[in-house]
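Okay, so here's the structure we're looking at.
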Amino acid sequence: MANQSSSYPILCASFNQDNSCFVIGTRDGFQIFDSNTGKLLYERAVGAFIIVEMLFSTSLLAIVGAGEQPSLSPRRLALFNTTTGTALRELNFLTSVVAVRLNRKRLVVVLQDRTYIYDVNTVGILDTIDTVPNPKGICAFSPSSDGCFLALPASTTKGTVLVYNVMELHSHCEIDAHRSPLAAIVLSSNGMFIATASEHGTIIRVHLVSDASKSYSFRRGTYSSTIFSLSFGPSLQLPDILAASSSSGSVHVFSPGIAVNQRSKRSNSFLGAVLPDSVNDVLDPAHHIVLHDATPAGVKSYAVIRKVDKDPKTSASEFTACRAIISIITFNGYFQEYNLSINEQNEASWSLEREFNLLMVKSMP
């Protein structure tokens, strides 16, 4: 997640594909941390970076400078080896790079109006996608080699999503998710589900990627709020929970796993047959848990669900009790980690397990 404002000490932040590590970019350089311990694993102080993306827990990084130093142009992407401290390959573009995603097979480079797909091993270009203007670099990527999809905005006036198969190199579908332009999108790790939020930030929608059908709609709130991040739980089937961080300072958690198919339940009811989707969104059961004032209001934040443990004793007829670990990076420089416990009655409790200043962590001697 890149930061479009220069007022924060953190310019970008991202977790690797399995959330075992995370990296932050600042005006001084970038730092890699262990998610479980908070230990600083690697740092390089050579200037400002606007994009730093890891490839799982390997030594390969994709890095893009913030343009504050002549050698760190925002139009240049470097594939960097942390073991040798050298760039393995550099790619230069005519305009600024606004987002980068990668897995073991593919490298995706997003520009404001074009997206490039590369073979990550040879760095040979495989395809080019012309896109609508996307200056904020809104995109989502499922890192699995099976069901590996890329999602990009398909309109500047409404919330339409282009879903592209990066392994087979063809457009998979378009999803009309919202009436307003997109603010945030995320794909589940296996590419089965996609969650979206518009610039209004009041409704979070979840679609099944295979047939572009809407599975769930969740109301985050009544008043508009900027959605900074969306994160699915790591389940390989139906995601148990979905988290959203926003400019309100709260973290919202929704429970897709509480019902098999809300849409079919609505359509089988009299009201569901006659009311439009926009009204059905309001009538949907909340399945909604809120951690108020998790971050300072207005400060950009990035929240991920790192782990979910289910209670094996829960019967099939009950809501599955679970415990989740939710990690939050705030762009004013802090890392927070919460334990969320949800019982069989869908009652929740939060506990703050860790909090520390990322900018004060020193490397081990």
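Only the coordinates and a few stated rules stand behind these numbers; no lab work does. Computed from a prediction, not measured in an experiment: that's the story for all the values here. Glycine gets a Cβ as well: all are built from the backbone with ideal geometry, and neighbour counts include every protein chain shown.
Annotation for region 204-239 versus region 331-365: alpha-carbon center distance of 22 Å. Taking 7 Å steps out from each Cα toward its Cβ at Ser7 and Thr226 produces label points 0.8 nm apart. Placing dummy labels 7 Å off each Cα toward the beta-carbon, the span from Asp176 to Ser71 is 5.2 nm.
Over the chain, the pair-distance histogram of Cα-Cα distances with 20 Å bins from zero comes to 30, 60, 10, 0 percent, rounded to whole numbers. Can you give me the Cα centroid spacing of region 178-198 and region 84-154 in angstrom? The two parts, judged by their Cα centres, are 18 Å apart. In this simple spin-label approximation, Asp311 and Asp211 carry label points 7 Å from Cα along the Cα→Cβ vector, and these lie 3.4 nm apart.
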